[in-house]
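Only one structure is covered here, and it is reproduced in the block below.
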Amino acid sequence: MDHASLKSTRMRYRRERRFKIYCATALVLAGVFLVVFFSDIVSKGYTAFWQAQIKVEVSYTQDVKELPFLAVGEDVSNLISRAWFRKLPRKLNEHPELIGTTRTEWVLADGAVDQYLKDKPNGLKKKQKTLADRLRSRDRTRLAFNTYFFTQGDSKLPESSGIFSAAVGTIYVMIVTMAFSLPTGVLTAIYLEEFASDNWLTRAIEVNINNLAAIPSILYGLLGLAIFINYVGIPRSSALAGGLTLGLMSLPVIIISSRAALRSVPDSIREAAFGVGASRWQVVSHHVLPMSLPGILTGSIIALAQAMGETAPLLIVGMMAFIPEAPSGFTDAATVMPAQIYTWSSAALRPYAERTAAAILVLLAVLILLNLTAVLLRKRYERTW
Amino acid sequence: MTLEYILLLFFAGLIPLAYAAFFLGRRKAETDLDRGYRLNSPPSFYGWYVIVWMFLPAIGVSAVFAVLHMAGILSVPAPVVLVGVLALVAAAGGLALHRVRASLRARKIVEDVIRWLLFIATCISVFTTVGIVLSVVFEAVKFFNMVSLWEFLTGTTWSPGSAFLEGAGRGGEQSSKAEFGSVPIFAGTFMITFIAMCVALPVGLFSAIFMSEYAGRNLRGVAKPALEVLAGIPTVVYGFFAAITVSPFIVYIAETLGLEAAYTNALSPGIVMGIMIIPFISSLSDDVISSIPQSLREGSFALGTTRSETIKHVVLPAAFPGIVSAFLLGVSRALGETMIVVMAAGLRPNLAWNPLEGMTTVTVRIVDALTGDLAFDSAETLSAFALGLTLLVVTLMLNIVSSIVIRRFKQQYEM
């Protein structure tokens with residue numbers, strides 16, 4: 001080989017290496033995004049699972065029923081959460097035997113104290129800081145597991161706010177969504193795959209479903225607002241309105257995945273069933289549907305996870321209201337986890353930021369669990385014909 | 001009596017009735033069988049036949065009452081409807097049971113009903129489309145009665161500011177007139193979409209090339225699920241990430257470079273939206289690249305090309321239509337994405353070229369107009385539907401173009 005062509009070959013190999021590096025970089029970049037993202041959320045959110053408490057002498061006197069602030073010494077009372085004080089009168093009414101006693105208790109600290117003890121930016125005054133430091137040095141403060149976060153609804157006081165009512169709301173909304181979209185979607189898929197003849201109507205419906213899958217989710221919110229709320233009169237912010245809106249949104253996802261599952265059942269099964277005299281519905285319900293059930297289930301779980309993380313259409317139908325108590329029915333005003341994350345993320349008070357991240361961690365854990373279930377289900381029941 | 005309680009009663013009454021009907025119908029058919037008659041259908045179809053005839057009239061009547069109630073023509077108290085419908089169910093069930101005999105073509109009848117049921121379920125998705133189009137168009141038409149289409153499409157100032165005063169009948173008090181020129185909103189939307197695609201297209205495409213052309217099975221087995229995780233993250237979480245982490249970081253970088261950046265800059269939601277779209281682009285392009293016939297690659301290798309030369313000169317040109325379609329779908333995603341921009345982009349419409357300035361998008365204005373306390377028929381609220389209509393038209397057009405492109409591509413390689 002002469003010198004020139006050798007040189008050009010070397011250049012081409014160098015170009016090859018460079019191209020491969022570009023491609024690998026892209027993949028690495030995507031991985032880096034993922035790592036940065038998760039470590040950022042975890043580092044912001046994990047502290048919210050612990051909550052500051054202060055050990056104080058609580059003297060339960062008769063006056064505490066009217067003036068709860070009298071229960072503790074005046075010096076520490078402004079380090080303690082107002083949420084704790086608010087609950088005192090009720091506690092005394094329920095346990096009248098407490099009146100007249102003095103006990104040493106761990107009580108919920110104020111949100112700012114909590115942030116100070118976690119070395120985060122806070123709005124504490126200098127005097128309060130020295131007091132908190134003194135309490136800390138005497139082991140009168142601790143970070144305990146944050147049960148409030150899981151048992152309470154939203155609150156205007158960050159230290160006593162939790163995800164409970166949002167989680168209950170999410171369950172209600174998901175029940176409505178799945179109760180609507182799962183049967184409708186599977187029936188549609190069965191019709192299109194097994195019953196419909198190939199004519200212009202069927203093709204138009206197919207095109208329509210594919211287009212529905214690509215319509216931005218916020219437009220489903222406009223539909224929900226205009227039709228479910230303004231026309232039909234379903235109460236605003238209710239789980240019913242949100243669930244139906246999300247149900248329409250996840251319908252195309254379920255239809256498309258169910259059709260794929262039905263299609264993967266080979267025709268020989270159908271022909272065998274027809275051959276022994278089964279009707280079309282018997283073929284479907286006795287043979288095709290049971291065989292494609294794992295696939296349909298996988299698709300539905302993925303659709304469920306998608307609907308669970310959706311926010312935009314729910315904002316439009318009003319599901320971002322302040323909901324301190326868990327809803328007790330499908331027509332009560334409710335909020336859902338993503339909407340709660342959205343409201344907290346725009347709250348002005350600092351401690352809400354870590355709660356937002358913690359709520360995100362809980363939501364992500366649930367979603368990853370759902371997706372993992374779907375993957376395992378597919379692996380376990382996957383059949384090759 | 002709440003609605004839920006009535007529904008509970010309804011189903012508590014219907015389920016045992018249906019159960020009884022099914023068994024009675026089947027029993028009657030089985031008795032005929034025992035008497036030596038030849039049944040037309042399997043016995044359980046006679047049971048289903050009775051159930052079907054029990055419920056169809058009841059469902060029809062309930063639907064009529066519901067429509068009458070909603071239209072406000074006639075409002076019958078719910079308990080009356082409940083009792084009436086249950087009585088109708090019992091009567092129709094008895095009649096159907098009476099008609100059960102061996103020669104009845106129960107299977108055919110039940111099958112036809114099922115077929116209709118399936119067809120009705122299928123129509124719901126069509127109704128959804130019609131519903132979206134109608135609900136958006138109706139309100140948008142009301143809006144265009146107040147603001148001309150031309151002004152909406154070409155105006156460069158969006159200041160609905162005093163629209164709510166006019167709605168309250170105090171229009172004269174403020175001198176500034178409400179203006180609905182959507183150009184700055186579209187400019188912001190396209191700017192953020194452009195930034196997102198600048199991130200998503202190269203990263204998504206190159207990782208797809210790496211996964212389908214270079215990576216071994218093991219790496220592929222790790223990388224593909226990792227990208228799927230990226231796709232499964234809810235958009236509100238991306239929005240939080242953009243607003244709390246990326247925006248301050250960009251402001252910090254801009255300051256160290258001596259530039260001025262707003263916390264609601266367009267760059268941060270753009271970049272994060274790009275990250276969100278990466279898995280979308282990469283999985284679509286991966287499908288397309290893997291579907292290019294191996295013979296094309298082998299033919300190219302046989303001429304002595306390197307792998308990258310084959311990719312650049314053979315694979316990518318062949319996959320080009322598919323990649324274009326993935327790109328268009330990505331754009332349509334970015335245009336309609338809401339939570340990231342609601343949380344990280346600005347509210348103020350701003351016509352500017354600088355991505356470090358605050359900008360707003362179509363979806364932000366829609367959410368802002370519909371989550372406030374404005375009256376539903378104020379111009380600002382209705383403007384949300386006009387914006388929604390444009391969003392719908394643009395995304396539908398992108399989807400249709402992309403599906404045409406991909407169909408041509410599939411025909412070419414006979415997939």
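Any read-out appearing in this document is the output of simple, stated calculations on the displayed coordinates, not a laboratory observation. Everything quoted here is computed from the prediction, not taken from an experiment. Don't worry about glycine lacking a Cβ; one is built from the backbone with ideal geometry, like all the others, and counts go over all protein chains shown.
Put a dot 7 Å past the Cα of A:V232, heading toward its Cβ, do the same for A:A347, and the two dots end up 3.2 nm apart. Among all the lysines, which ones have a C-alpha under 25 Å from B:K142's C-alpha, if same-chain residues fewer than 8 places away are not counted? Partners within reach: B:K177. The Cα atoms of region A:52-144 cover 39, 23, 22 Å along the three principal axes, with the biggest extent listed first. The aspartates and glutamates whose alpha-carbon is closer than 12 Å to the alpha-carbon of B:K312, local same-chain residues fewer than 8 away aside, are A:E16, B:E213.
Mean-square fluctuations from a GNM of chain A, with a 10 angstrom spring cutoff on Cα atoms, peak among A:S285, A:S237, A:S165 at A:S285.
Computed on chain A, with alpha-carbon pairs under 8 angstrom and 6+ residues apart, the relative contact order is 20 percent. Within the same chain, lysines fewer than 8 places from A:K44 are excluded, and of the rest, those with a Cα less than 18 Å from its Cα are A:K118, A:K120.
Might you report the magnitude of the Cβ-based charge dipole of chain B about its Cα centre, with Lys and Arg at +1 and Asp and Glu at -1, to the nearest 20 debye?
2040
Between A:S197 and A:S155, the simple spin-label model (points 7 angstrom out along Cα→Cβ) gives 6.6 nm. Under 5 Å between amide H atoms, partner at least 5 residues away or on a different chain: which partners does B:M359 have, H built in plane at 1.01 Å? Counting only residues 5 or more places away or on other chains, the set is B:A266, B:G346.
Our note on the geometry: Cα centres of region A:354-385 and region A:197-216, 29 Å apart. Each of B:T189, A:T147 has some number of other Cβ atoms within 10 Å of its Cβ, and from fewest to most they run A:T147, B:T189. For A:T141, nonlocal amide neighbours, meaning residues 5 or more places apart or on other chains whose placed amide H falls under 5 Å from its own, are A:K55.
Of all the options A:Q62, A:Q115, A:Q51, the one that moves most in a Gaussian network model of chain A with Cα springs shorter than 10 angstrom is A:Q62. Using just its DSSP H runs of length 4 or more, each adding -39500 (n - 2.57), the protein assembly as shown gives a mean residue ellipticity at 222 nm of -22500 deg cm²/dmol after division by all residues. When only alpha carbons are used to place a centre, region B:183-223 and region B:346-407 end up 23 Å from one another. For a label point 7 angstrom out from the Cα of B:D287 toward its Cβ, which stretches of region B:383-415 have the backbone nitrogen within less than 16 Å? Under 16 Å, as judged by backbone N against the label point of B:D287, lie B:399-415 of region B:383-415. The alpha-carbon atoms of region B:179-412, seen along their principal axes, cover 68, 43, 30 angstrom, with the largest extent given first.
Listed from fewest to most Cβ neighbours within 10 Å, the set A:V168, B:V126 follows the order B:V126, A:V168.
Residues of chain A were split at every exposed loop site, defined as trypsin sites (Lys or Arg not before Pro) in a DSSP loop with at most 11 other C-beta atoms within 10 angstrom, and the longest piece left, sites excluded, is A:139-382. Region B:3-139 gives an Rg/Rh value of 1.09, both radii derived from C-alpha positions and Rh following Kirkwood.
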